[in-house]
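First the structure, in the form of structure tokens, and then the observations on it.
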Amino acid sequence: MDQAPGNPQEPQDAQGLPGCHRHPDRPTGVRCTRCERPICPECMVSASVGFQCPDCVRGGSGTGHAPTANQPRTLAGGTVAADPRLVTKTLIGLCLAAFLVQLSIGDRFTDRFDMLGLAWVPQLGGPQGVAEGQWYRLITAMFLHGGYIHLAFNMLSLWWIGGPLEAALGRARYLALYFVSGLAGSALTYLLAAPNQPSLGASGAIFGLFGATAVLLRRLNYDMRPVIALLVINLIFTFGWSNIAWEAHIGGLVAGLVVGYAMVHAPRERRALVQYGTCAVVLLAVIVMVVVRTAQLT
């Protein structure tokens, strides 16, 4: 008899509560602290703060989204890797391996894969170059070097500049920056240099890393004087010494500045679109330069 007056009241309160998202017939006033969906006592999993639903516990995201949603991100939005210099190490390894092949096979190998617009190469038995459809030279030249000093200087620069930049951007964005800068350097060399003048080296891509590093330091309000001094010294060598493909250095630097700016200044809500869209625009410029120069030479 004592409980009779309360019976009508309980269903009325329950009717004002949402049903558990796993058991809709069970009204509840408790929500998952991750996804904020209503959960009944059977679905509650005790957490450090409040309760969580089984779905979020299994997902392990802390937000109710996919487990990758809350992974640590770099400044540019890339995933933080266990080894933040892995790509840089791999690139250095590829350059070292290519140099060993150059030493083993000799000029025939180098002449086959260096950057060359159009020239008759007796060792290869005919005309060679990008104008002959050998577009691969735009990429392969980035991994070849003209001697021990050339290789050592570029690999030290790649390690000093590339490692920290890879950690700041993430692997995918760093790799995109490296290859887009290198291709821009090769394309400008193809466009402006004498067609029979071969060139090779990772300098175009490395100058792109210089440009992106300058943008990054500016974004973080760090002291830019060391990187600017290093860049000026490199530019002095570029224009002060003979037999240096300044076109590759300038092309890589400009591409690095453009892509680097997009990498670190892209708005968060459409970050990937802006970053990779900018890379696509620079690649389009590369294609235009190559097509124009090929039309001039053929």
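Looking at the structure I just gave you, is ASP223 among the charged types (D, E, K, R), touching a residue at least 24 places away in the same chain (Cβ under 8 Å) and on the phi < 0 side of the Ramachandran plot? No, not satisfied. Can you find even one residue in region 272-293 that is loosely packed, with under 11 Cβ neighbours inside 10 Å, at pLDDT below 95 and in the same structural domain as ILE139 (by TED's automatic domain parsing)? Scanning region 272-293 turns up no residue that is loosely packed, with under 11 Cβ neighbours inside 10 Å, at pLDDT below 95 and in the same structural domain as ILE139 (by TED's automatic domain parsing).
Scanning for something assigned by TED's automatic domain parsing to the domain that holds GLY133, aromatic (Phe, Trp, Tyr) and at pLDDT 90 or above, does region 214-222 turn up at least one residue?
No, the conditions are met nowhere in region 214-222.
Among residues of region 243-254 that are closer than 14 Å to MET115 by Cα and in the same structural domain as MET142 (by TED's automatic domain parsing), those with a Cβ under 8 angstrom from a residue that is aromatic (Phe, Trp, Tyr) and surrounded by fewer than 19 Cβ atoms within 10 Å (Cβ to Cβ), sequence gap 6+ or separate chain, pair up as ILE244/PHE237; TRP246/PHE239.
Condition check for TYR222 on (1) in contact with a Ser or Thr (Cβ under 9 Å, 6 or more places away or on another chain); (2) of a type outside the set (Val, Ile, Thr); (3) not in a helix (DSSP H, G or I): one failure, at (1).
Criterion applied to LEU253, LEU235 was being assigned to a helix (DSSP H, G or I), of a type outside the set (Gly, Ala, Ser) and in contact with a Phe, Trp or Tyr (Cβ under 7 Å, 6 or more places away or on another chain), and the one residue passing it is LEU253.
Looking across VAL227, VAL254, one residue alone is at pLDDT below 95, surrounded by fewer than 22 Cβ atoms within 10 Å (Cβ to Cβ) and under 23 Å from ILE161 (Cα atoms). It is VAL227. Evaluate the following for LEU188: is it within 12 Å of ALA212 (Cα to Cα) and of a type outside the set (Ser, Thr, Tyr)? Considered against the rule, which asks whether it is within 12 Å of ALA212 (Cα to Cα) and of a type outside the set (Ser, Thr, Tyr), LEU188 comes out as no.
Reported count of residues in region 114-137, each being surrounded by 21 or more Cβ atoms within 10 Å (Cβ to Cβ) and among the hydrophobic types (A, V, I, L, M, F, W, C), is 4. What do you reckon, is TRP120 over 28 Å from GLY260 (Cα atoms) and outside any helix (DSSP H, G or I)? For TRP120, the condition - over 28 Å from GLY260 (Cα atoms) and outside any helix (DSSP H, G or I) - is met. Across region 80-106, the number of residues qualifying as surrounded by fewer than 12 Cβ atoms within 10 Å (Cβ to Cβ) and charged (D, E, K, R) comes to 1. With respect to the numbered conditions (1) at pLDDT below 95; (2) under 23 Å from PHE113 (Cα atoms), which one is the sole condition not fulfilled by SER186? SER186 satisfies every listed condition except (1). The residue that is modelled with the highest pLDDT, counting only those in region 46-97 that are of a type in the set (Ser, Thr, Tyr) and in a loop (DSSP other than H, G, I, E, B), is THR74. So, of the residues in region 98-110 that are of a type in the set (Gly, Ala, Ser) and assigned to a helix (DSSP H, G or I), which turns out to be farthest from the chain's Cα centre (by Cα)? The selected residue is SER104.
The values are calculated or read from the model by the stated rules, or taken from the named source; none is laboratory data. This is a predicted model, so every value here is computed, not measured. Note: ideal-geometry Cβ built from the backbone for every residue, glycine included; neighbour counts use all protein chains shown.
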